[in-house]
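Encoded as C-alpha cells, the structure appears first; notes follow it.
The values are calculated or read from the model by the stated rules, or taken from the named source; none is laboratory data. Nothing here was measured: the structure is a model prediction, and the numbers come from that model. Here Cβ is always computed from backbone atoms with ideal geometry, including for glycine, and neighbour counts include all displayed protein chains.
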Amino acid sequence: MLFGMNATILAMIGLIGFSVAALLYALLYSRVSLQAQTEKRIGRASAAKETVKTEAKTPTSARRRTVQDTLKEIEVKQKHKASKSTNPPMSLRLQQAGMTISLQKFYLLSAASGIMLLLLTLLFGMNLILAFGCGFVGAVSLPRWVINFARKRRQEAFLNELANSVEVIVRGVKAGLPLHDCLRMIASEAQEPIRSEFRQVVEALQIGVPLDEAVSKMYEHVPLPETNFFAIVLSIQSKAGGNLSEALGNLAKVLRERRKMKAKIVAMSTEAKSSASIIGALPIIVATLVYLTSPDYIMVLFTTLPGKIVLGASACVMATGIYVMKRMIAFDF
C-alpha cells in the first residue's frame, strides 16, 4: 500500500500516463521535427551568409594590404633607382644611349678625340694654353655631350611609341592572350627602341626572372616617369592581381595626355626660347659685324688690359643672363 493505494492501481496509472505521452509524441513528432529542421536550415543559411560576407571581406582587405605592401616596396626601390638615374655611371649611360661599345673603347675614343682637337688647334697656330683647353674639351666634354644627346634622343623615341605598345598589350589581353605573349609581340614587331627594351624583358622572363624585376630593369635603361608608371602597374598586377586590361588602358590614356601636355608646353615656350636665343646671340653678332667693318675700334677690347676686364665682366654677365633665361623656360615635366 502506498498513499492508501494498491500497487496494481499505481502501475496501471503509470502505464496509462506513459501510453498517453507516447501517443502525444507520435502525434506531435512531425511538427516538432519539421520545426527543428526549419530552425537548422535557418541557422545554416545565416551561417552561410556570414561566411560569404567574411570571405568577401577577407580577399578585399588582403588584396588591399598586398597592394599597400607592394607600393611601399616599389617606393623604396624607386627612391634607390632615382638616386642613380640623376647621375648614372658611364657604363649605364652608354646602355641608355643605345650604344654597344664597351667602357674601355669609349675612353679610348675620348682620348683620341682630345688628341685630334689638340693637334688641330696647334696646327692653326693657337696659343698652347688654349690648345690644351680645347684638347681637354675634346677628351672630356664633347664625348659626354654626344652620349647625352643620343641618350635623350633615344628616350624621346621610346616615349613616342610607349603608348601604342601599351594599347597593343591591352587589346591582346582583352582578346584572351597571356601577358607574356603580348610582350613577345611587342618585342618582335614594335619599332626601336621599344623592341630592344621589351626583348630584354622577354629574355629575362624566359630564364625565370619575376615579372616585376624584369620590368623594373626597363626603368634603369630608360629612366622616364612613363616607364616607371608602366613598371608599377605590372608589378602591382603580378603581386596583387586585378583587371590588367583596365589598368593598362588607363595608363595608355595617361601617357597620351602627358604627351599632349608636353607638346603644349613646348609650343608655348618656343617664343621664349627664340627670344632668349636672339638676346644671347646678339652681342656676338654685333661684335662680329663691328670687327668686319671697323676692326681697330673693337680690337681695343682684346689688346688692352681694361678692355680685357670689360670683356671678361661682360662675358660673365651674359653667361648669368643666359643661365637665368634657360632656367625660366625649362619646365620640369
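Quick one: which of Met318, Met268, Met299 is aliphatic (A, V, I, L, M) and touching a residue at least 12 places away in the same chain (Cβ under 8 Å)? Show your work before the answer.
Working: Met268 fails: touching a residue at least 12 places away in the same chain (Cβ under 8 Å); Met299 fails: touching a residue at least 12 places away in the same chain (Cβ under 8 Å).
So the residue among Met318, Met268, Met299 that is aliphatic (A, V, I, L, M) and touching a residue at least 12 places away in the same chain (Cβ under 8 Å) is Met318.
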(message) Looking only at residues that are surrounded by 15 or more Cβ atoms within 10 Å (Cβ to Cβ) and part of a helix (DSSP H, G or I) in the range 218-227, which one is farthest from the chain's Cα centre (by Cα)?
(response) His221
(request) Would you please name the residue that is nearest to Gly249 (Cα to Cα), looking only at residues in the range 169-183 that are crowded, with 16+ Cβ neighbours inside 10 Å and within 20 Å of the chain's Cα centre (by Cα)? (result) Val170
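If you check Ala276, Ala330, Ala313, which single one turns out to be of a type in the set (Gly, Ala, Ser) and in contact with a helix residue (DSSP H, G or I) (Cβ under 7 Å, 6 or more places away or on another chain)?
On the way: Ala330 fails: in contact with a helix residue (DSSP H, G or I) (Cβ under 7 Å, 6 or more places away or on another chain); Ala313 fails: in contact with a helix residue (DSSP H, G or I) (Cβ under 7 Å, 6 or more places away or on another chain).
From the options Ala276, Ala330, Ala313, the qualifying one is Ala276.
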(message) Step by step: first the residues of the range 288-306, then only those that are under 23 Å from Ile322 (Cα atoms) and at pLDDT 85 or above, then the one that is surrounded by the most Cβ atoms within 10 Å (Cβ to Cβ). Which residue is that?
(response) Val290
(request) From (1) in contact with a Leu (Cβ under 8 Å, 6 or more places away or on another chain); (2) of a type in the set (Val, Ile, Thr); (3) modelled with pLDDT under 85, pick out the condition that doesn't hold for Val209. (result) (1)
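Do we find a residue being hydrophobic (A, V, I, L, M, F, W, C), touching a Leu at 6+ places or on another chain (Cβ under 6 Å) and in a helix (DSSP H, G or I) anywhere in the range 121-130?
The answer is no, given that none of the residues of the range 121-130 is hydrophobic (A, V, I, L, M, F, W, C), touching a Leu at 6+ places or on another chain (Cβ under 6 Å) and in a helix (DSSP H, G or I).
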(request) Scan the range 276-283 and give yes if some residue there is within 30 Å of Leu159 (Cα to Cα), among the polar types (S, T, N, Q) and under 33 Å from the mean Cα position of the chain (by Cα), otherwise no. (result) no
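Can you confirm whether Val201 is in contact (Cβ under 8 Å) with a residue 40 or more places away in the chain and in a helix (DSSP H, G or I)? Spell out the reasoning first.
Details: in contact (Cβ under 8 Å) with a residue 40 or more places away in the chain: no; in a helix (DSSP H, G or I): yes.
Here the answer is no, as Val201 does not meet what is asked.
At pLDDT below 85 and surrounded by 12 or more Cβ atoms within 10 Å (Cβ to Cβ): which single residue out of Lys262, Lys253 fits that description?
Exactly one of Lys262, Lys253 is at pLDDT below 85 and surrounded by 12 or more Cβ atoms within 10 Å (Cβ to Cβ), namely Lys262.
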